[in-house]
């Protein structure tokens, strides 16, 4: 029995996301799946970590996600999975408040929440996402 073809891996460029500060690909597609690298709350215009607490930082990550979704013409319904990394679970209510506002009127994706000791650049929250979209061309 022949092996199934391996989906082609493709890095998708984005003009919406802040430029990476480290060496990684922010958006990678393989077959119908798109993987969004962990995003910390950077202002796309300045590349700097946004001021504020867990709510403001979560809202910024989700605003960056929304800008990417608009750019790529993806919908919330295509979002399969999210992983949230939190540096202080005492602030998780604030993260959930931003999450609930983002998904108001829509079914949220599957989600895993993970407590960590520290995040890049001193962020309070980092989120990564997985979408189901059409095949890469």
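Identify the residue in the range 98-107 that is farther than 17 Å from residue 123 by Cβ and in contact (Cβ under 8 Å) with a residue 12 or more places away in the chain and, among all such residues, is surrounded by the most Cβ atoms within 10 Å (Cβ to Cβ). Let's see the steps before the verdict.
From the range 98-107, those farther than 17 Å from residue 123 by Cβ are 100-107; that's our starting set.
Right, trim to in contact (Cβ under 8 Å) with a residue 12 or more places away in the chain and you get 101-103, 106-107.
Working: 101: 12, 102: 17, 103: 15, 106: 11, 107: 8.
In this case the residue turns out to be 102.
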Given the conditions (1) surrounded by 12 or more Cβ atoms within 10 Å (Cβ to Cβ); (2) closer than 30 Å to residue 7 by Cα, which single one is not true for residue 86?
(2)
Please find, within the range 55-84, the residue that is nearest to residue 104 (Cα to Cα) out of those that are in contact (Cβ under 8 Å) with a residue 24 or more places away in the chain and not in a helix (DSSP H, G or I).
79
Any residue in the range 116-123 that is more than 18 Å from residue 34 (Cβ to Cβ), at pLDDT 95 or above and under 15 Å from the mean Cα position of the chain (by Cα)?
yes
Lone qualifier among 72, 39, 81 - being surrounded by 13 or more Cβ atoms within 10 Å (Cβ to Cβ), over 17 Å from residue 125 (Cβ atoms) and under 17 Å from the mean Cα position of the chain (by Cα):
72
Those residues of the range 17-34 which are at pLDDT 85 or above and surrounded by fewer than 17 Cβ atoms within 10 Å (Cβ to Cβ) amount to 23, 24, 25, 28, 30, 31, 32, 33
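The values are calculated or read from the model by the stated rules, or taken from the named source; none is laboratory data. Keep in mind it's a predicted model, so treat the numbers as computed, not measured. Using ideal geometry, Cβ is built from the backbone for each residue, glycine included, and neighbour counts are taken over all protein chains shown.
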